[in-house]
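The structure under discussion appears below in the form of C-alpha cells.
The values are calculated or read from the model by the stated rules, or taken from the named source; none is laboratory data. No experiment lies behind these values; they were computed from the predicted model shown. Here the Cβ is made from the backbone with ideal geometry for all residues, glycine too, and neighbour counts use every protein chain on show. Remember, those area values only see protein heavy atoms, side chains included, never the ligands or the DNA or RNA. Shrake-Rupley method; radii C 1.70, N 1.55, O 1.52, S 1.80 Å.
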Amino acid sequence: LISIEMSAPCPLTMDQMSNVAMSVLVNRYYNKGTAFTEKERRDNGILGRLPPRVETLEQQVSRAMDQLDKFEKPIEKYVHLNSIHSGNVTLYYAILQNYPEKMLPIVYTPTVGEACQKFGSIFVRERGLYLSSCYRSEFPACIEDSRYTDVDIIVVTDGSRILGLGDLGANGMGISVGKCALYVVGAGLRPRRVLPVLLDCGTNTESIRNDPYYLGQPIPRVNDETFFGCLDDFMETAAKKWPTAVIQFEDFSNNHCFDMLERYRNKYRCFNDDIQGTGAVVSSGFVSGMEASGIAPPKHRVVVFGAGSAAAGVVDSICKLVAYRTGVPEADVCKCFYLVDTKGLVTTTRGDELAAHKVRFARTEISAEESKKLTTLRDVVNFVKPTAFLGLGGVGPVLDREMVNVMMSVTEKPLIFPLSNPTSKAECNPVEVYQWTNGNAIIASGSPFPAVTVNGKVCKPSQGNNMYVFPGLGLGVSLAQPETISDDIILAASARLQDLLSPEDRAEGALYPSLTRIRWVSLEIATAVIEKCQELGVGAKNIPTDRASILKYVEARMWQPAYGAEGKDNIV
C-alpha cells in the first residue's frame with residue numbers, strides 16, 4: 001500500500017500498481033469513501049467497490065452523527081468514532097469540528113479515562129508510535145520506519161499517571177491519541193503532522209499486567225536509570241528526525257515529571273501540559289474568578305487540595321499571572337496559598353522532608369504544634385477560612401457542605417475549582433455547590449458538568465479545559481520555532497486567554513470563552529505566542545510583525561477538514 005506519510009513518490013511495479021485501487025480505500029488519509037467522484041472511482045479502479053451514489057462530506061457527517069446518536073454509552077460512541085478514524089481521517093475531524101460540544105467529551109475527558117482503562121479490549125487499529133524499553137537500542141529504526149516524515153507536534157506519555165486513574169501502562173496511549181486529536185480540532189494542526197507516542201516502560205498495576213487483552217509489556221516499571229535512558233534516547237532521536245517539532249509531555253508520574261522538565265526544557269522545544277498547560281488555563285480562569293469575587297487577587301486565601309505536579313504548576317502560574325496583572329511581587333502572591341497533601345497542610349515544621357516542588361509553597365509561619373493539628377482538609381479549611389478552593393487531588397469528592405459553609409462565612413462568592421478528571425474524581429459536584437451557596441459560587445471544573453437553576457438563576461460551571469491553551473501554544477511555537485519554550489511564552493498564552501473573556505461572558509458568569517469558539521481562541525493564543533517570541537528575539541524571524549498580519553499568517557496555516565479537489569490529495 002502507498003503510505004501517506006511518505007514525503008516523496010516512489011516508482012511502482014505492476015504488482016504495486018494493482019494495489020492502488022485498494023490503497024485509496026484502506027489508507028485513512030486518502031480515503032473519501034462514498035465521496036469519491038465517479039471519475040475518481042474509475043481512475044483508481046474502485047468503481048465497483050462502492051455504492052453508486054456520490055455523497056458530500058456534509059452528508060457523510062450527517063449519517064455518522066445519526067449512527068452516534070443511536071449509541072447510549074459514551075464509550076460506545078468513542079469506539080465508533082475510532083472506527084471512523086481508522087477508515088477516513090477527514091470525516092472523523094469533520095464530525096469533531098462540526099459538533100465540538102457533543103464530541104469533545106467523547107474523544108477526551110471524561111470518556112477518554114474509561115477508554116484508557118479498556119484500551120486493549122476496544123483496540124481497533126494502530127495510531128502513532130509505540131516505543132518499548134525492551135527494544136531501546138532500536139528506537140532510531142522504529143522512528144525511521146514510522147514513515148512520519150514531517151511532524152509539528154509530538155505528544156508522549158508513559159502512562160504512569162493517567163488523569164486520576166493512576167498507572168495504566170501502555171493503555172495510556174489513549175491520552176496521547178486524544179491530545180493529538182484536540183490539536184487538530186482546536187488549532188488546525190494537520191492530522192499527518194501530529195504524532196502520539198507511547199513510551200512503554202512497564203506498569204506497576206498488577207491487574208493491568210494480568211489482563212489478557214493488555215497490549216503493553218506485562219512487566220513492572222523499569223528503574224529510574226533505565227527510564228531516563230529510554231527517554232534520553234527518544235528525545236535525542238526525535239529531535240534529529242523531526243528538528244522543528246514541539247514535544248509535549250503528558251501524564252508522567254509526579255516522581256518523574258518535574259525532573260523531566262528540568263532535564264529537557266533548556267535543550268529541546270518541549271513543555272509539560274500537566275504542569276504548564278494546566279497552570280496556564282487554570283490561572284486564566286482563576287484570576288478572572290478572583291476579579292469577579294470582589295476581592296482583590298492578592299487578598300484571597302486559597303486552599304489547594306493536592307500537591308502534585310498539576311497543583312504546583314497551577315499555583316506557580318496563578319502567582320505569575322497575578323503578579324503580571326497587579327504588579328504585586330510574585331513571592332507575596334505565593335503567600336495566599338495553602339497546599340494540602342496526604343499528610344495535611346504543607347509546612348516547613350511538620351517534620352518530614354518535602355519534595356522539591358513543594359518547598360516553595362510550604363507555609364513557614366505555622367508552628368510544629370499547629371502542624372500536628374492540621375492533618376486533614378477539614379482541619380485546614382477550618383483553620384484558614386479560605387475564600388477560594390482548588391481541587392487537584394484526584395481522589396474524588398472531598399469538599400462537603402460544611403466546608404463550603406465555612407467559606408461562605410468569609411465571602412459571599414467563594415471560588416471553587418474541582419479540577420480533577422475524570423468526573424468521578426472531581427472534588428465536589430458543582431450542582432450541589434450551587435445549591436449550597438444559593439447560586440453565588442464561582443465554579444470551574446475539570447470535566448463538564450450540567451447547568452442547574454437556583455432561585456430562578458441558571459448556573460453553569462465553566463470548564464478549565466487544557467484545550468484552551470495547549471493547541472494554540474503548540475501551533476504558535478511550531479510556527480515561531482524558538483529553540484525552547486520559556487515561562488514568558490507560557491505566561492503570554494495564559495494572559496491572552498484571560499483577555500479573550502468578553503463582557504458578555506463575564507456577565508453570564510463564565511470564566512472562559514465557549515469551546516465552540518476554540519479555533520478562534522487558538523488563533524489568538526498562537527498569535528500571542530508569536531508576538532512574545534518576536535519581543536524576546538527567540539524566533540518568528542520570517543513572520544510579519546504587526547498583529548493583523550500575524551493573525552492572517554496563522555489562520556492561513558490552520559487546516560480545515562475538507563476533501564481535496566477531484567483527483568487531489570486531501571492534504572491532511
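Projecting label points 7 angstrom from Cα along Cα→Cβ for Val54 and Thr375 puts them 7.5 nm apart.
Each of Val177, Leu215, Pro243 was placed along the dipole of region 130-288 (beta-carbon charges, centred on the mean Cα), and the one lying farthest toward the positive end is Pro243.
Taken over the C-alpha atoms, region 404-563 has Rg and Dmax values of 18.7, 58 angstrom.
Taking the three principal axes of the alpha carbon atoms in region 23-141, the coordinate ranges are 48, 39, 22 Å, sorted in descending order. Once you divide the Cα radius of gyration of region 352-488 by 2.2 N^0.38 Å, the number left is 1.28. For the chain, the dipole from Cβ point charges (+1 on Lys and Arg, -1 on Asp and Glu) about the Cα centre works out to 840 debye, to the nearest 20.
Pop out the Kirkwood hydrodynamic radius of region 273-383 from its pairwise C-alpha distances, inverse of mean 1/r, in Å to one decimal. After inverting the mean inverse Cα-Cα distance, the result is 14.3 Å. Normalised by 2.2 N^0.38 Å, where N is the number of residues, the alpha-carbon radius of gyration of the chain equals 0.99.
Looking at region 210-279, the chymotrypsin sites (Phe, Trp or Tyr not before Pro) that sit in a DSSP loop and have at most 13 other Cβ atoms within 10 Å of their own Cβ are Tyr213. The simple Förster model, with R0 at 25 Å and r as the Cβ-Cβ distance, assigns Arg63 and Tyr213 a FRET efficiency of 0.25. Each label point was placed 7 Å from the Cα along the Cα-to-Cβ direction; for Thr516 and Asp487 their separation is 3.9 nm. In terms of its C-alpha gyration tensor, region 506-572 has an oblate overall shape, because the principal axis ratio a/c (a ≥ b ≥ c, square roots of the eigenvalues) is not below 1.5 and a/b does not outweigh b/c. Considering only Cα atoms, the convex hull volume of region 383-440 works out to 71 Å³ per residue. Extension gain for Lys541 to Asn223 (0.36 nm times residue separation, less C-alpha to C-alpha distance): 110.2 nm. Extension gain for Lys299 to Glu126 (0.36 nm times residue separation, less C-alpha to C-alpha distance): 57.2 nm. Full extension of the chain between Ala355 and Lys552 gives 66.4 nm of extra length, using 0.36 nm per residue less the Cα-Cα distance.
Placing pseudo-labels 7 Å out from each Cα toward the beta carbon at Lys73 and Glu508 gives an inter-label distance of 3.3 nm.
In loop segments of region 252-357 as defined by DSSP, the trypsin sites (Lys or Arg not before Pro) with at most 13 further C-beta atoms inside 10 Å of their C-beta are Lys267. Restricting region 63-114 to trypsin sites (Lys or Arg not before Pro) that sit in a DSSP loop and have at most 11 other Cβ atoms within 10 Å of their own Cβ leaves Lys70. Here the calculated FRET efficiency for Thr37 and Asp499, from their Cβ-Cβ distance with R0 = 60 Å, stands at 0.85, rounded to the nearest 0.05. Take every DSSP beta bridge whose two residues both sit in the chain; close to 15 percent of them are antiparallel. Once you reduce region 449-483 and region 40-64 to the center of their Cα atoms, the two points are 37 Å from each other. Across region 484-497, computed HN-Hα scalar couplings (Karplus, 6.51 cos²θ - 1.76 cosθ + 1.60, θ = phi - 60°) run 9, 10, 7, 4, 4, 5, 4, 4, 4, 5, 5, 5, 5, 4 Hz from first to last residue, x flagging Gly and Pro. The accessible area of Thr516, taken with all protein chains in place and a 1.4 Å probe, comes to roughly 80 Å².
In the chain, a dipole from Cβ-located charges (positive for Lys and Arg, negative for Asp and Glu) runs towards its positive end, and of Leu501, Leu479, Gly539 it is Leu501 whose Cα lies farthest in that direction. Equivalent ellipsoid of region 208-310: semi-axes from √(5λ) of the C-alpha gyration tensor, largest first, are 34, 20, 12 Å.
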